[in-house]
Amino acid sequence: MKCLFGIYRQDAGTIIHKGQEVHFQNSLDALENGISMIHQELQPEPHLTVMENLWMGRLPKKGFMVDYKKMYEDTVEVLDRLDLKFDPKALVKELSVSQIQCIEIAKAVSHNANVIIMDEPTSSLSEKEVDYLFRIIRDLKAQGIAIIYISHKMDEIHQISDSVSVMRDGCMIGTWPTDTMTNDMIIAKMVGREMTEYFPEKTNTPGEVVLRVEDYTSIHSNSFQHVSFEVRRGEILGVAGLVGAQRAELLEGIFGLRSCSSGKLYLDGEELQIRGPRDAIKKKIALLTEDRKKSGIFPVLSVGENIYIRQYDRVQRFGKISYRQCNEIAGRGIEELHVKTPSARTPIGSLSGGNQQKTLLARWILTEPDVLILDEPTRGIDVGAKYEIYVIISELAAQGKSVIMISSEMNELLGLADRIMVMCEGRKTGELDRQDFSEEAIMHLATQFL
């Protein structure tokens, strides 16, 4: 898609647009020819208004001055076309993720695009927000605009697409009418084999309590309040809840990223004083954050550097770093987590989302944590890579590690967890043992205060 949008130049082959071969030199060239792309990682300017974000780089001018009156009128016209109810003068930082996604769509439409590429547009949206986005997509389709929709979510593929194309390892496997393909058929094409099991067999046996959290309360009244729970050795504790349940905020509080007004934390019976992430890491608590782009990978560094960056205190002596040891650590991480990369020196930004995620897992696993907190560990990665990460998580639990896993995918929690803790609006609303698992039970607890 980046070749189609002019970010990369293809080495071979042709792009035919409206019956003619095209050669885009850059993304501006593609935009001027009616092809627009909405990237998975949204990058708006939060301190600017909706209309300034919409017309950035092409602000209407009156002489040497920006014509704000025309910009406002043009923005209203585009928003009305999409039936979007936004104030053009509202600051983008005040909008939700789904609203920002809609602004990106409006920007694409304002370029008079006849082809819009959407890369994982729902990865950060709630179910209600997804429905809103799909309504807009259907309206665009009715206006004659072609949509290329990249997604790993099977239900979305069936709900929104007319045909489905499958790629694997950089090669096009084929294209089929969506209504002729079942989920299992699509997944088999994606991974190159029949998927008889979507989750590995459970081999872990939860033991004694390792981590105990008592009455954890945020300093902010609208965040997590009076939450208590336990995690056992060799256990996978799932954490469920709707958007706004404060699941990530709670676990970031445990890791020392957020301040708490009250509450106690015990590890193997010893009370901990976690003032920041450094304290948590010293006590062998690790956190894989939800957003690997913003708070996970170091995009300018290599795969190897991203793995051993947490090991510098172990590989230096008298102020000198042993790069031989660094390379050994990187090689071990790549091998043990099956990271697909040409070499440890490859820039991490060139890897797929799944391999970036495995790189981050390798970084933390090689610190030998006792408690591993995973926030949406499979977000934005394909089915094959998901299964590999499920296997890694299951193996860690079987080795006696305590895993706390936040996931917005219900089947993921039901397939991997030994227990599920459910939250709603910052409070714990209940726990479910494996024999009591069901989507209905989770949703009942997740909506208790709504």
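The values are calculated or read from the model by the stated rules, or taken from the named source; none is laboratory data. Please read all numbers here as calculations on a predicted model, not as lab measurements. Please note: Cβ atoms are built from the backbone with ideal geometry, for glycine as well, and neighbour counts cover all protein chains shown. Protein only, heavy atoms only, side chains kept; ligands, DNA and RNA dropped before computing areas. Shrake-Rupley method; radii C 1.70, N 1.55, O 1.52, S 1.80 Å.
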Worksheet entry | R0 of 25 Å, Cβ-Cβ distance His23-Ser343: FRET efficiency to nearest 0.05 | 0.20
Worksheet item: Where the centre of each part is set by its Cα atoms, how far does segment 218-281 sit from segment 100-116, in angstrom?
Response: 40 Å
Worksheet item: How would you classify segment 114-245 from its alpha-carbon gyration tensor, with a ≥ b ≥ c the square roots of the eigenvalues: rounded for a/c under 1.5, else prolate if a/b is greater than b/c, otherwise oblate?
Response: oblate
Worksheet item: Which value in nm describes the separation of the simple spin-label points at Asp155 and Asn183, placed 7 Å from the Cα toward the beta carbon?
Response: 0.8 nm
Practice prompt. Over the chain, calculate the relative contact order: mean separation of alpha carbon pairs under 8 Å at least 6 apart, over the residue count, as a percent.
Written response: 14 percent
Practice prompt. Quick one, could you list the DSSP H helices from the chain stretching 15 Å or more along their long axis (Cα atoms) with average Kyte-Doolittle hydropathy of 0.0 or above?
Written response: 97-110, 383-398
Worksheet item: Considering only DSSP states other than H, G, I, E and B, which trypsin sites (Lys or Arg not before Pro) in segment 174-246 qualify as loop sites with at most 16 other Cβ atoms within 10 Å?
Response: Arg193, Lys202
Fill in: Computed helical MRE - 222 nm, the chain, DSSP H runs ≥ 4 contributing -39500 (n - 2.57), nearest 500
-10000 deg cm²/dmol
Practice prompt. Provide the percentage of antiparallel DSSP beta bridges, counting only those with both residues in the chain; round to the nearest 5.
Written response: 55 percent
Item to complete: Counting only heavy atoms of the protein chains, get the accessible area per residue of the chain (1.4 Å probe) and round it to a whole Å² value.
Response: 51 Å²
Response to the item:
Quick shape check on segment 161-304: root eigenvalues a ≥ b ≥ c of the Cα gyration tensor, a/c under 1.5 is rounded, otherwise prolate if a/b tops b/c, else oblate, and it reads prolate
Response to the item:
Exposed GluC sites (Glu not before Pro) being those in a DSSP loop with at most 11 other Cβ atoms within 10 Å, the longest stretch of the chain free of them is 209-450
Worksheet item: How would His23, His39 rank on accessible area, largest to smallest, probe 1.4 Å?
Response: His23, His39
Worksheet item: Among Lys202/Lys386; Lys69/Lys89; Lys2/Lys85; Lys264/Lys428; Lys202/Lys293, which pairs are too far apart, with a Cα-Cα distance over 21 Å?
Response: Lys2/Lys85; Lys202/Lys293
Worksheet item: What shape does segment 142-194 take by its C-alpha gyration tensor, where a ≥ b ≥ c are the square roots of the eigenvalues and a/c under 1.5 counts as rounded, a/b above b/c as prolate, and the rest as oblate?
Response: prolate
Fill in: For Cα extents along the principal axes in Å, calculated from these coordinates, the label among (1) 68, 42, 41; (2) 67, 60, 42; (3) 69, 54, 49
(3)
